[in-house]
Amino acid sequence: MTDHSENVEPDFSFAADQYILTETQHNVVRVFNWSEEFISIGRFEKVPIFLKDNFRIIRRGTGGRAVLHNYDTSISIIGSASGGMDSIHKIYN
């Protein structure tokens, strides 16, 4: 488990998650704080015009809806599902 008490830049954080997922074989839990206010949107989500004009928008590599981040604390859980449900349960334990 990695614990970052410092603030993390959104671009770096999402790139780090993608790197860990695609380039390593580690199961990782990251806890960190965002360094700014922004909205993250899911991989396939269309960005509404009113959001573009009022917020910094960053697209996640995962699905899901828009999430407003406001210097909050986030948890990122990264792991491979190739080992089946046992592998996923190990990440949470």
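General observations
- Listed by first and then second residue, the pairs linking a residue in region 61-76 that is over 16 Å from residue 28 (Cβ atoms) and without any contact (Cβ under 8 Å) to a residue 60 or more places away in the chain to a residue that is of a type in the set (Asp, Glu) and open to solvent by 50 Å² or more (accessible area, probe 1.4 Å), with Cβ atoms under 6 Å apart and 6 or more places separating them unless they lie on different chains, are 70/37.
- When residue 39 is tested against the conditions (1) in a strand (DSSP E or B); (2) surrounded by fewer than 11 Cβ atoms within 10 Å (Cβ to Cβ); (3) at pLDDT 85 or above, the lone failure is (2).
- Number of residues in region 55-93 that are in contact with a strand residue (DSSP E or B) (Cβ under 7 Å, 6 or more places away or on another chain) and modelled with pLDDT of 80 or more equals 19.
- Residue within region 4-15 that is small (Gly, Ala, Ser) and either in contact (Cβ under 8 Å) with a residue 40 or more places away in the chain or not in a strand (DSSP E or B) (or both) present: yes
- Test: residue in region 56-79 that is part of a strand (DSSP E or B), touching a Leu at 6+ places or on another chain (Cβ under 9 Å) and under 16 Å from residue 9 (Cα atoms): yes
The values are calculated or read from the model by the stated rules, or taken from the named source; none is laboratory data. None of these values were measured; they are calculated from a predicted model. Note that we place each Cβ from the backbone using ideal geometry, even for glycine, and neighbour counts take in every protein chain shown. With ligands, DNA and RNA removed, areas are computed over all heavy atoms of the protein, side chains included. Shrake-Rupley method; radii C 1.70, N 1.55, O 1.52, S 1.80 Å.
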